[in-house]
Structures are given as structure tokens and as C-alpha cells.
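Some notes on the structure that comes next.
We did not get these values from a lab; they are worked out from the coordinates using the rules stated. Bear in mind that the values here come from a model prediction, so they are computed numbers and not experimental data. Glycine also receives a Cβ, built like all others from the backbone with ideal geometry; neighbour counts cover every protein chain displayed.
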Amino acid sequence: MVRPQWIPLLKRAVGELSWLLTHGYPLASTLKLVGDRYTLTERQRWAVGRAACTDDQRTQRAATLLLPGNLEGQPVSIDSFNLIITLETALSGGVVLRGRDGDLRDLSSIHGTYRAVQETDRAIQLAAAALLAISPSPVRWLLDQPVSNSGRLAARLRELGPTLGLPWTAEIVMDPDKVLAETTDVVVTSDSEVLDRAGNWLNLAALTLALEPPSWLLDLN
């Protein structure tokens, strides 16, 4: 997707896009403007758009981010596909990016379809190890009902939880983003709209991948 010499340019593009968004310019047309200015590919534009945020969003997300030491006994709700696909991507050697808000994001889009891959169980196991170290309780995984194979992934989460020392729950709901935006739980997601509405959030992807660092972390912060 990107050669090392492109990283400073992509960081400039993220900074420029974020400045324009901060000053009220719309995302779609502004991303096109910045992408054209730097002659970015479609995938690079997607990365820049995923990494950018306004100054207010960055400040607010920094204020609501909970550090690991403050999680003991706190209820946590997880955007399952959002987290697991990011971890799968990292474990398979794909690109994971760190956005301006510090959250980790992949460049995938499931478009209503999901299939477990070789890295799925390892992703769940690593997430469990990261959670065990900070002792939140209870832990709830939320899966999108409209996405194919959500039932299978929920069943796998329920099966693995007790063996990993975490009696978590896995719920299939129509709209996890809505549930996450309205809950008082600490949320795990990289969805910008949810982060902007969440009371507190946990950067679980970063904590998890600290246990097994990705080979391709694109830091655009």
C-alpha cells in the first residue's frame, strides 16, 4: 500500500485534512482535495481519511480514553468485528494504522460478509490475555446481526471465553454502534461516531498488539 518514503507525506496529508475538518470543511470533498494534492491512491486516501480527525475530536477522545490501570471491575462492551478484524489483519501481516487520536484501525470493510480466518482464534486469545491483565468485568462482545456468520463467531467467543479464564458474553444485535453509543460501559471500537458519543473508551487493539507487535504498523498520529 505504501513505501516507507511515503509515510512523511501521508502524515502531512492527515495533518492537512484534519486542519480542514477542524475548520468545518466536509470530509468527502476535502479528502478528494487533499488526495489530489498529494497524488494518493484510493487505498492511501482511505488510510488518510481513517486516520484524520478534528482537533476537538482528538482532545475529546484523549479525555475519555481510560488507561489500563483504571479498568478493574469496569464493564466493557466490544465492537466485535471492528476489533477482531483489526487483530486478524495485524496477525496476518496486513497494514494496521494508528490514527491521529491514537486508536488503531485496519483498512478492511466487511460489506455484510465475514468469514473466520486462520488468525481468528489467535486474535481472540490475545484479546483475552490483554483483558485478563486489566481485569474489567463484565465483558460483552457485540456482533452485527446483518453480517453473515455473526452467529458462528458469537458461538466461538462463547466457547473460548471460559477456557481463556474470561466468562464473557457474546450478543448478536441489529446495530452494535447504536448500543455502544448509548451504553454507560467502557467501549472498545475505532468507529469515530461511537468514540465521539462514548463516555469512556479503551484502546484494546493497541493493548492486544503490544503482546504480539504487528509487522506493518503505519503510524499516522
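Taking the fewest neighbouring Cβ atoms within 10 Å as the starting point, the ordered list for Ile7, Ile78 is Ile7, Ile78. Footprinting exposure proxy ranking of Tyr25, Tyr114, fewest other C-beta atoms within 10 angstrom first, gives Tyr25, Tyr114.
What whole number of Å gives the distance from the Cα centroid of the range 14-66 to the Cα centroid of the range 85-132? Here the two parts' Cα centres lie 22 Å apart. For Ile172, the amide hydrogen comes within under 5 Å of the amide hydrogens of Leu143, counting only partners 5 or more places away or on other chains and with H modelled in the peptide plane. Note on His111, His23: ascending count of other Cβ atoms within 10 Å places them as His111, His23, the fewest first. Which percent, to the nearest 5, of DSSP beta bridges fully inside the chain are antiparallel? Of all bridge pairs located within the chain, approximately 10 percent are antiparallel. Note on the chain: GNM, Cα springs under 10 Å; of Thr183, Thr41, Thr208, the largest mean-square fluctuation is that of Thr41.
Computing Cα Rg over 2.2 N^0.38 Å for the structure here picks out one of [x] 1.00; [y] 0.96; [z] 1.15, namely [x].
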